[in-house]
1. Pairs under 9 Å by beta carbon, first residue in contact (Cβ under 8 Å) with a residue 60 or more places away in the chain and more than 16 Å from residue 179 (Cα to Cα) in region 116-127, partner hydroxyl-bearing (Ser, Thr, Tyr) and open to solvent by less than 30 Å² (accessible area, probe 1.4 Å), six or more apart or different chains?
2. Can you tell me how many residues in region 100-120 are modelled with pLDDT under 95 and of a type in the set (Gly, Ala, Ser)?
3. Among the residues of region 238-263, which ones are in contact (Cβ under 8 Å) with a residue 12 or more places away in the chain and more than 28 Å from residue 94 (Cβ to Cβ)?
4. What is the residue count in region 82-127 for residues that are closer than 17 Å to residue 146 by Cα, basic (Lys, Arg) and touching a helix residue (DSSP H, G or I) at 6+ places or on another chain (Cβ under 8 Å)?
5. Residue pairs, Cβ under 9 Å, 6 or more apart or interchain, first in region 142-157 and within 17 Å of residue 22 (Cα to Cα), second aromatic (Phe, Trp, Tyr). List them.
6. Within region 198-240, how many residues are open to solvent by 90 Å² or more (accessible area, probe 1.4 Å), at pLDDT 85 or above and of a type outside the set (Lys, Arg)?
7. Just to be sure I understand the filter: pairs with C-beta atoms under 8 Å, separated by 6 or more residues or on different chains, first member in region 38-49 and more than 9 Å from residue 16 (Cβ to Cβ), second member of a type in the set (D, E, K, R) and assigned to a loop (DSSP other than H, G, I, E, B). Which pairs pass?
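The values are calculated or read from the model by the stated rules, or taken from the named source; none is laboratory data. What you see is a predicted model, and the numbers here were worked out from it, not measured in a lab. Cβ: placed from backbone, ideal geometry, glycine included. Neighbour counts: every protein chain shown. To get the accessible areas, we keep the full protein, side chains included, count just its heavy atoms, and leave off ligands, DNA and RNA. Shrake-Rupley method; radii C 1.70, N 1.55, O 1.52, S 1.80 Å.
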Amino acid sequence: MKISIIGVGLIGGSIALKLKEKKLVNFIYGIDNNKDNLKEAIALNIIDEEADLENGIKNSDLVIIAIPVDAARNILPKVLDLISESQTVMDVGSTKSGIVNSAKNHPKRSRFVAFHPMWGTENNGPKSAVAESFSGKAGVICNHEESANDALELAKNIIESLDMHLIYMNAESHDVHTAYISHISHITSYALANTVLEKEKEEETIFQLASSGFSSTVRLAKSHPEMWVPIFKQNKENVLDVLNEHISQLRKFKSALEKENFEYLAELIENANKIRGILDKN
């Protein structure tokens, strides 16, 4: 099988490496506006050849769109225009409603499978790609009833080859849940990093005193705005909803401290501890 990957960065590159490792594909075209990414991806044996959009799609059985969600939303109808009824298109965006809606009325909508691999890091570029990145993680297919059976089977084969477990959801429900378990984590991390940078002017002090707990909490603040601004934009209403709840929870902690209500503070922490039992099941 030959595939084209549009966007040969962290996610696209990791998928390419894993599919090559599993020998599911025998040739990968890379399509990317960043020529340095293409050169690096070839040097790292992530892709076999660079291509433009038209030629890459023409020669591929499967096209994977792995670019920021705004760009994915814009390019998906163009990709569907170029494919035949025997080709399949997948995306990997972490918001789904906007992307799904962009192809809603396209005559080749059934050739598209909306996919979200539940994995990512603060790093970017082909150099950050790792074949084993997706192992054990959830692979979500949204609105599967709108995709052709053979396209779904191919997508399922890809997800299984990535060693992910498959989940089906509708796009709207997916976007609500990812706002709570992913998108708010990034906003919190950005806000904490800005708080520390604003109040702690001594960079050397931050470096010397920062514990592993602080480092892990602000790790996501290293994630690039080119990826995350479009995510927040496309999932704005859900992100605002969870952000309002998060602010409400912060106010409870603030109030408990202001009033020296340490019993209530302990209750808040004990309630938060319940998350341990949930996460430890996985």
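1. Going by the 9 Å Cβ cut-off, the qualifying pairs are 121/128; 121/133; 121/223; 122/189; 122/223; 123/223; 124/223.
2. 1
3. Selection gives 252, 253, 256.
4. Of the residues in region 82-127, 4 are closer than 17 Å to residue 146 by Cα, basic (Lys, Arg) and touching a helix residue (DSSP H, G or I) at 6+ places or on another chain (Cβ under 8 Å).
5. 155/115
6. Final tally of qualifying residues: 2.
7. So the pair list comes out as 38/32; 42/48.
So that you can scan it fast, the table gives a plain yes or no per residue for (1) within 17 Å of the chain's Cα centre (by Cα); (2) small (Gly, Ala, Ser):
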site	(1), (2)
87	no, no
92	yes, no
97	yes, yes
103	no, yes
112	no, no
120	yes, yes
123	yes, no
126	yes, no
